[in-house]
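Where a number appears in this text, it was derived from the coordinates with a stated rule and is not lab data. Since we're looking at a predicted model, the values are computed, not measured. Using ideal geometry, Cβ is built from the backbone for each residue, glycine included, and neighbour counts are taken over all protein chains shown.
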Amino acid sequence: MWVSKIRKEDLTNDVVDRLLFEGLNDNGASVDCIIVLGSIKAAKYRVPVAAKVFFSERSEKMMLCGGKIRNFSGESMAEADNMYKKALELGIPETSLILEKSSQNTIENILCSLLELQRSMWLNRVKSVLLVTTTYHMRRSLHIAKYLFPSHISVYPCPADDTITKRDNWMNSTEGIDRAKEETLNIVRCVNNKVIPDFEI
């Protein structure tokens, strides 16, 4: 089934499962940089997964992406700053962290991360990156990154589970179903708006 042909009425559990979760496991590769995409709960779910990768010595650098200003425990700050605080708490050295604080959404996370990679590491020297985001958000993020990144840079997925949109439980709550189906339609919209190329599932 081509993604461009998927309609809301086609969103069976099987279609959602294949589109959001199939074939997106971390392959254990070592990379030049771990890129963590921002969200209001990224510090809770995504940064610990990225830290585990870092401490397994698979990368010496971690980029925290997200310029959107949010309220975190009564304090307003960029998503990247909130993740930075968490990364330091987990023991990531300050010298290993790169902050990207311009982006306002997923596409901009990817675009702005390229600029920060250039400034901190030189893009021509970067051969591979590991993309960390919530599991159900990974397919769209990965396709955007693979489409926008230079062809010499390999992009690998590293999904981070939250509590209600895991592969084995998203269908068990109204919130999980709504979130998963909306993300599926986001992918369809990205394809139809030529943000990413069409693909089959």
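So which of 164, 92, 110, 144 is under 17 Å from residue 32 (Cα atoms), touching a Ser or Thr at 6+ places or on another chain (Cβ under 8 Å) and of a type in the set (A, V, I, L, M, F, W, C)?
Numbers: 164 fails: under 17 Å from residue 32 (Cα atoms); 92 fails: touching a Ser or Thr at 6+ places or on another chain (Cβ under 8 Å); 144 fails: under 17 Å from residue 32 (Cα atoms).
Criteria check complete, one pass: 110.
Out of 43, 50, one residue alone is out of contact with any Leu (no Cβ under 7 Å at 6 or more places or on another chain), assigned to a helix (DSSP H, G or I), surrounded by 22 or more Cβ atoms within 10 Å (Cβ to Cβ) and in contact (Cβ under 8 Å) with a residue 60 or more places away in the chain. It is 50. Of the residues making up region 149-184, those that are part of a helix (DSSP H, G or I) and surrounded by 16 or more Cβ atoms within 10 Å (Cβ to Cβ) are 170, 176, 177, 179, 180, 181, 183, 184.
Residue-level check: of (1) among the polar types (S, T, N, Q); (2) touching a residue at least 60 places away in the same chain (Cβ under 8 Å); (3) surrounded by 13 or more Cβ atoms within 10 Å (Cβ to Cβ), residue 13 misses just (3). Taken as a whole, the structure places residue 189 among residues that are outside any loop (DSSP other than H, G, I, E, B) and free of Cβ contacts under 8 Å to residues at least 24 places away in the same chain.
Within region 94-105, residues that are free of Cβ contacts under 8 Å to residues at least 40 places away in the same chain reach partners that are polar (S, T, N, Q) and surrounded by 15 or more Cβ atoms within 10 Å (Cβ to Cβ) with beta carbons closer than 6 Å, at six or more positions or on different chains, in the pairs 100/113.
Residues that are farther than 17 Å from residue 109 by Cα and of a type in the set (A, V, I, L, M) within region 144-159 are absent altogether. Note on region 90-115: among residues that are touching an Asp or Glu at 6+ places or on another chain (Cβ under 7 Å) and under 21 Å from residue 29 (Cβ atoms), the one that is surrounded by the fewest Cβ atoms within 10 Å (Cβ to Cβ) is 96.
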